[in-house]
Amino acid sequence: MIDDSDVMSIVVDRTNPRRVYASACSGIYRSDDAGALWRKIQGIPYAARRTQVIRQDPHRPQTIYAATTEGLWRTNDAGASWQRLTPADWVINALVLDPAKRDRLVMGTERLGVMVSDSAGKQAGKKDGQQFRAANDGFFHRQILALALDRERPERVLAVLANAPEPVLATDDAGRTWKPLGPGLKAEAVRRVYAVPGGWLAALDRGGLMRYDPGKSAWQRIGSVSGEPAFSSEANAPPKKGRRIPARIVRGPRPLSHVVLDMAFTRDAWYAATDDGLLVSRDQGATWVITPVGPVVLPARSVRVSPDAKSFWIVTLRGMVFSGDAGATWSWRDLPLEAGGALRLDAAGESTLLATAAKGLYISRDSGSTWKQAANGLPQAPIQDLAVVGDIFLVSMQAQGLYISYDRGASWMRIEGTLAEGRFAVVTAPRFRDEAASTIYAASSTEGLYAVELPAKLATSSSPPPSP
């Protein structure tokens, strides 16, 4: 046996105790003299040699199963020949053979959960993998990477899942049933997802946008961009051999490859915040123009636009800049120095603004002229996400669960329960300033998607706050 092999499982042949099987990162070994000498078993491809588990069939001693990182394999002649029973991209981490029921296999997989076969993994007329069925009722430990809610039709939700056989799922009935949307979009490539008229949009972690085409049932890249960027990363890089290379600025149309950090939508235009400036599209993402904020193009982190497109709130690397007259004039605002800089802005009415910062949540009651850090029950710690429903604010903390305020941020309470310690990557409300909304969606990093049901009646000044 190779000296540095990580041995993962050992099986002693119950009909011949001197015969021992061992599975390792380097493959499968067999000893016929109680482990004094090992021989490498051939027949499984090199790529699938990492074998997590081996099991002997309790009813057929010559039949051995090997759970590998490239599927489940079986031999009926003690290792002389092998056959794969599942697709090659199945990673099998655990395997149980039912001693009471002949031919029942139970597998623990890396992405599919628990899979069961009642035909020893092989059934006439069925392709590899089709003879297994999922047995995952009761498991809710999905890791949600991104979530989008159609604010016009709140029963429509899109979720992007990590380590899932179908990474992109959508519902049209508020989560009662889900259907996969693909192919073309990989979960690990997604930064954020958005609902747009007629479909869904995904901002990619390495740059660019993809839109779901329902006609073709596939995700496709969209967009070309023109205009002069705010700055060139090449021009700002350290000089090479003491000589700075001048930036090569391309002004003409080019494929949209910018990393989109945030987006906002109105009836007539889409807005995207990028390090190269604010991008604006008036043809539903087909073409984009890098647009100045005031007299200059500025790198943008976050963008919010009122439904009538008259008010703009933009976070840039140099501070926050606002416009109340559709961009004709702009005014600069900023958080207190100790906030560590704004990351994202949200509006909660005519004059109330909320800004997430490195040191917590900040609230302005005078359209951004002055800011005060939210306290009275809310930890001064990094914020994951924020949702606004009328006078109700909900925030998810990076490591301390969910906090809710019924009085527009004056006081806060922690939502208790079994998920109190959970991490919620995204929280989102049905509609912009929807006073009648009663549900906020909270996407967990480990426990799936939850609906936070808000109380029908809020507490009076003399009663304790209601628990959602």
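The values are calculated or read from the model by the stated rules, or taken from the named source; none is laboratory data. All values derive from a computational prediction rather than experimental measurement. Methodologically, a virtual Cβ is constructed for each residue, glycine included, from the backbone with ideal geometry; neighbour enumeration extends over all protein chains shown.
Structural remarks
- Residue match in the range 31-52 (condition: assigned to a strand (DSSP E or B) and closer than 17 Å to GLY108 by Cα): yes
- For the residues TRP219, TRP200, TRP178, the requirement of being in contact with a Leu (Cβ under 7 Å, 6 or more places away or on another chain) and free of Cβ contacts under 8 Å to residues at least 24 places away in the same chain singles out TRP178.
- Look at (1) crowded, with 18+ Cβ neighbours inside 10 Å; (2) at pLDDT below 90; (3) not charged (D, E, K, R) and you find that ALA47 fails only one, number (1).
- Unique match (being more than 25 Å from LEU161 (Cα to Cα) and touching a residue at least 12 places away in the same chain (Cβ under 8 Å)) among VAL395, VAL427, VAL389: VAL389
- Yes/no for ALA22 being of a type outside the set (D, E, K, R) and in a strand (DSSP E or B): yes
- Residue pairs meeting the criteria (Cβ under 6 Å; at least 6 apart or on separate chains; first surrounded by fewer than 18 Cβ atoms within 10 Å (Cβ to Cβ), in the range 256-276; second assigned to a strand (DSSP E or B)): THR266/VAL305; ALA269/VAL280
- Candidates SER396, SER461, SER411, SER445: the one that is exposed (fewer than 14 other Cβ atoms within 10 Å of the Cβ) and either modelled with pLDDT of 70 or more or out of contact with any helix residue (DSSP H, G or I) (no Cβ under 9 Å at 6 or more places or on another chain) (or both) is SER461.
- ASP391 surrounded by fewer than 17 Cβ atoms within 10 Å (Cβ to Cβ), assigned by TED's automatic domain parsing to the domain that holds LEU149 and not β-branched (Val, Ile, Thr): no
- Of the strands (runs of 3 or more DSSP E) lying entirely inside the range 304-414, those carrying at least 2 residues that are of a type in the set (Ser, Thr, Tyr) are 360-364, 402-405.
- Yes/no for LEU343 being among the aliphatic types (A, V, I, L, M) and in contact with an Asp or Glu (Cβ under 9 Å, 6 or more places away or on another chain): no
- Going through (1) more than 22 Å from VAL293 (Cβ to Cβ); (2) within 28 Å of the chain's Cα centre (by Cα); (3) buried (at least 19 other Cβ atoms within 10 Å of the Cβ) one by one, ALA355 falls short only on (1).
- There is at least one residue in the range 340-348 that is over 22 Å from THR428 (Cα atoms) and either in the same structural domain as LEU298 (by TED's automatic domain parsing) or of a type in the set (Gly, Ala, Ser) (or both).
- Every residue from the range 430-442 that is in contact with a Pro (Cβ under 9 Å, 6 or more places away or on another chain) and at pLDDT 80 or above: ILE440, TYR441
- As for the range 276-283, it holds at least one residue that is modelled with pLDDT of 95 or more, under 29 Å from the mean Cα position of the chain (by Cα) and β-branched (Val, Ile, Thr).
- Residues of the range 51-62 that are surrounded by fewer than 18 Cβ atoms within 10 Å (Cβ to Cβ), out of contact with any Pro (no Cβ under 9 Å at 6 or more places or on another chain) and in contact (Cβ under 8 Å) with a residue 24 or more places away in the chain: PRO61 alone.
- Any hit, the range 415-423, residues being modelled with pLDDT of 85 or more and buried (at least 20 other Cβ atoms within 10 Å of the Cβ): no
- Selected residue (criterion: surrounded by the fewest Cβ atoms within 10 Å (Cβ to Cβ)) from residues of the range 324-348 that are touching a Lys or Arg at 6+ places or on another chain (Cβ under 8 Å) and over 23 Å from MET397 (Cα atoms): ASP325
- Conditions (1) more than 25 Å from the chain's Cα centre (by Cα); (2) in contact (Cβ under 8 Å) with a residue 60 or more places away in the chain; (3) in the same structural domain as VAL305 (by TED's automatic domain parsing); number of the one not met by ARG408: (3)
- Output for the range 281-303, where each listed residue is surrounded by fewer than 14 Cβ atoms within 10 Å (Cβ to Cβ) and not in a loop (DSSP other than H, G, I, E, B): VAL296
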